[in-house]
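Here's the structure we're looking at; comments come further down.
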Amino acid sequence: IVQNGKAQSSFVHFSECPGMNNPNEKVLPMLVGRTMSWTNFSFSDGPIEIRVKKLFGEIAKEVQILPKRYGARLNWIDGQTVSFTIDKPEYVSVNFICAANSDEFNQINNGLMIFADAPETDLPDLSSKSLVKYAPNADLIHAKTIYFGPGVYDLTKDLPNGMLPVHDNQEVYIDGNAYIYGGIKAPGTYNVKVYGRGTLCGKKQIFHYAGMPQLLELEPWNYRTNVHRGGNATVTGITLLESFNHNMAIPPNSFVKDLKILAWKVNNDGIRPGDNCIIDHVFMKVADDHLYTFGNTLVTNSLFWPMWNGAIMQVSWGDYGGGGFRFVNNDIINSEWNQVWHNNGVVASQAQPNSKTEDILVQDLHVEGDLNALANLHFSSYAKGNYPYYGYLRNITFRNVEITGRQLSNNGHKTWYDQIPDSLQFDLNPKDAIKSCVSYIGGYKAPDGGIAKVNNVVFENVRIGGVPLTDNNSAQYVKVDPATTSGIRFISTGNADDKLAFKAGFARSNEYNADEIGSGQCKQGFKNGHDPKNSGWILAGDSTVFSIELPEDGLFDLKTSVANDLETSQYQVHFANNETEIFTIEPIRDNGYNIHKKVTQKPVSLKKGFNKIVFKTLKGACKPDYIEFTHHTGTIPNVNVEVTSVSIMLVKGDTWVGAGLNIGVTPSALSFNSRHGVVINADERGPTEPVQANKVEVYNPLGERLILIKSNDLVRSIDISQLAYGPYTTIFSDQKTFWVAKMILK
């Protein structure tokens with residue numbers, strides 16, 4: 001790593017896919033012999049130069065650094081060493097392209113990941129009496145912080161099953177130079193924190209060992225029936241490696257950031273999140289499902305390297321159901337899928353026909369290279385016979401998705417399931433899988449005529465190999481069963497590149513008294529007690545508080561997704577000392593409570609950083625799901641003008657501000673918001689003789705004066721087009737002058 005002329009080496013970790021010695025471990029044969037290398041370091045104030053040297057094999061004439069949109073700049077390559085530059089902390093893949101590094105399916109044999117993080121700011125106090133350095137005989141039960149310093153630890157020799165037990169309100173810090181064989185077991189706990197830059201490795205534990213569901217277990221395996229689910233976990237910075245089963249389960253209201261997960265075996269699933277979780281800036285390369293969409297979780301700014309098996313987002317493997325999953329601004333690289341089996345694709349499903357799953361959003365997804373299927377939405381391949389009732393998959397949106405390569409087709413070539421030996425037992429026969437690569441959407445029709453349907457799946461601004469998906473060409477990319485589906489739509493607006501979405505928190509939660517979750521993204525405040533079985537409902541007079549972190553000041557379109565009870569309800573959204581109009585939601589009588597309507601509000605001005613958004617129910621009961629903000633584009637129907645005197649009429653139409661009740665008297669101040677710059681004109685028109693305005697001032701919200709204009713005549717105009725976003729306040733020096741002000745947005 002070279003910065004400001006100073007070079008420093010960075011330790012390289014290494015992992016090799018194990019052989020097929022134990023059929024119970026389900027190692028796919030095409031992965032045997034593959035390796036992954038990676039290095040971790042931190043920096044700020046870029047740019048930095050990274051030099052990578054390959055240690056064997058022939059000369060490489062080309063190197064590929066992905067994702068391309070992260071902006072790594074190639075400096076030079078001599079066939080064995082490459083130099084490139086990055087400007088900010090990011091995760092990138094480096095692939096030397098040569099015959100020795102590619103298999104018969106054109107997959108990478110020996111991968112390398114660069115994990116560049118921002119410097120740690122959350123460090124334990126090593127002098128604290130509540131911190132205990134880990135040792136087999138240390139008193140860990142009474143420690144506030146369990147500290148793993150630099151070195152190699154083997155918990156499989158120290159603890160039962162090699163699992164470190166952790167209780168409520170306890171922290172585990174793993175130094176960046178700490179390598180731990182073993183895992184952490186804290187199911188059903190509250191406020192547990194695991195952080196640092198070190199590694200948890202499960203390779204010394206027996207695969208599928210009874211009682212060890214995941215390498216980092218913060219939620220019970222049977223969480224749908226276990227009332228002690230826990231909550232408010234925080235996991236940041238560490239690496240989970242070669243788990244003995246699933247990698248991690250996190251309880252409701254948890255926060256995950258800067259996590260890395262690498263694993264080789266079937267059932268090495270990535271993260272199973274609870275409700276109200278936020279997962280930000282993580283990397284996963286696993287041989288099974290990366291995420292589950294059981295709850296209203298936000299996953300953002302993350303990078304995924306899918307292997308031959310599994311999906312990025314698995315709807316379910318049972319009757320769990322759920323909804324509200326948000327997958328926003330993420331990347332997929334080096335996809336190894338070359339078939340669509342029952343559980344492959346970006347969003348796949350093995351849900352039982354009696355499960356109910358809804359409201360999944362995949363937005364601003366960038367796929368570098370080829371892909372098999374964007375959607376593989378159906379019900380379980382195990383499903384047979386009749387069910388007491390039939391559920392649904394519905395309200396699933398793919399918005400602003402770019403797949404730079406092709407949608408692969410096998411065309412009769414050998415696939416991974418052609419390589420499965422008889423000794424490797426799968427629950428389903430891979431040879432029965434469809435040997436084609438196309439997205440599939442279809443429901444389940446039972447012998448009794450009942451149907452579990454897939455409804456309202458929207459592909460908006462989806463491009464594959466530069467081709468937008470439309471109604472006319474959709475059949476080339478998506479196979480749809482018309483008998484068991486409805487509302488499958490393909491929309492191309494042509495402005496996918498111009499949209500960025502930012503989400504607030506989510507309002508559904510079983511933890512009414514919970515503090516802000518780890519990221520500070522979502523907080524609920526209720527004045528009255530609530531029935532836990534009726535989770536997420538906001539009664540009249542109550543409110544829930546969201547916050548949203550924005551990268552810059554801006555004018556944003558606001559969209560709320562909200563359901564109501566079986567009566568007329570009303571709600572209002574408050575933001576930045578302002579409020580939206582009152583929305584009336586009529587009763588929903590189709591299946592009751594959980595049907596969300598999306599309501600769009602006029603543009604609002606928000607500031608860089610955290611903004612507080614308050615959702616308040618005025619009448620009835622409302623259930624907000626999420627609040628979405630997108631950068632406003634195009635014309636603005638109503639500039640957000642607030643007049644602080646009754647002397648000026650309300651703003652309508654093209655935002656003229658005219659004389660009010662007291663003709664001839666101007667307000668002392670006029671407040672406004674603007675994105676692109678405003679010109680305010682002062683004019684002497686009116687029934688009274690104008691009085692000269694000697695001074696006009698423009699102030700920002702901090703009270704700082706930005707513009708001062710003095711004149712012996714009327715002030716004709718104030719051009720603030722060079723200022724940043726509003727809101728601003730204009731102060732008039734003369735209370736008797738009659739004014740007409742017009743706000744012009746360019």
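Coordinate-derived values only; no laboratory data. For clarity, every value in this text was computed on a predicted model and none was experimentally measured. So basically every Cβ, Gly included, is an ideal-geometry build from the backbone, and we count neighbours across all protein chains shown.
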Seminar exercise, completed: Non-local residues with an amide H under 5 Å from the amide H of Ser102, with H modelled 1.01 Å from N and Pro and chain starts lacking one, are Asn109
Seminar exercise, completed: Scalar couplings 3J(HN,Hα) for region 114-129 by Karplus 6.51 cos²θ - 1.76 cosθ + 1.60 (θ = phi - 60°), nearest whole Hz, x for Gly and Pro, are 9, 9, 9, 10, 6, x, 5, 10, 9, 10, x, 8, 5, 8, 5, 5
Exercise. What is the calculated FRET efficiency for Arg406 to Thr493, with r their C-beta to C-beta distance and R₀ = 22 Å, to the nearest 0.05?
Worked result: 0.40
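Just subtract the alpha-carbon distance of Asp122 and Asp481 from 0.36 nm times their residue separation and send over the number in nm, one decimal.
Value of the extension gain: 124.1 nm.
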Problem set entry | Restraint check, Lys6/Lys54; Lys204/Lys384; Lys144/Lys623; Lys26/Lys479; Lys54/Lys157, Cα-Cα greater than 28 Å | Lys204/Lys384; Lys144/Lys623; Lys26/Lys479; Lys54/Lys157
Problem set entry | Cα extents of region 1-95 along the three principal axes, largest first (Å) | 51, 29, 26
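Fully extended, how many nm does the chain gain between Ala7 and Tyr209 (0.36 nm per residue separation, minus their Cα-Cα distance)?
Contour length minus the Cα-Cα distance gives 68.3 nm.
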Problem set entry | Most to least packed among 245-257, 43-55, 117-129, 91-103 [average Cβ atoms within 10 Å] | 245-257, 91-103, 43-55, 117-129
For this session: Sort out for me the Cα centre separation of region 295-332 from region 99-166, rounded to whole Å.
Result: 25
For this session: Using packing as a proxy for protection, rank 77-90, 293-306 so that the peptide with the highest average count of other Cβ atoms within 10 Å comes first.
Result: 293-306, 77-90
Seminar exercise, completed: Here region 187-194 yields Karplus 3J(HN,Hα) values (6.51, -1.76, 1.60; θ = phi - 60°; whole Hz; Gly and Pro given as x) of x, x, 8, 10, 6, 7, 10, 10
Problem set entry | Point-charge dipole on Cβ atoms (K/R +1, D/E -1) for region 1-83, about Cα centre, debye to 20 | 180
Problem set entry | Charge dipole (debye, nearest 20) of region 133-281; +1 at Cβ of Lys and Arg, -1 at Cβ of Asp and Glu | 160
Exercise. What is the percent of Cα-Cα separations in region 284-388 that go past 21 Å?
Worked result: 31
Seminar exercise, completed: Rounded to the nearest 0.05, FRET efficiency between Val614 and Leu159 (Cβ-Cβ, R0 35 Å) equals 0.15
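Between Asn473 and His142, 0.36 nm times their residue separation minus their Cα-Cα distance comes to what? Before the final figure, lay out each step's value.
Numbers: separation 331, 0.36 × 331 = 119.16 nm, distance 6.35 nm.
Once the chain is fully extended between Asn473 and His142, it gains 112.8 nm.
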For this session: Please list, in chain and number order, the residues 5+ apart from Asp275 or on another chain whose amide H is under 5 Å from its amide H, with Hs placed from the backbone.
Result: Asn253
Problem set entry | Asp542 long-range amide H proximity, modeled H, under 5 Å | Thr617
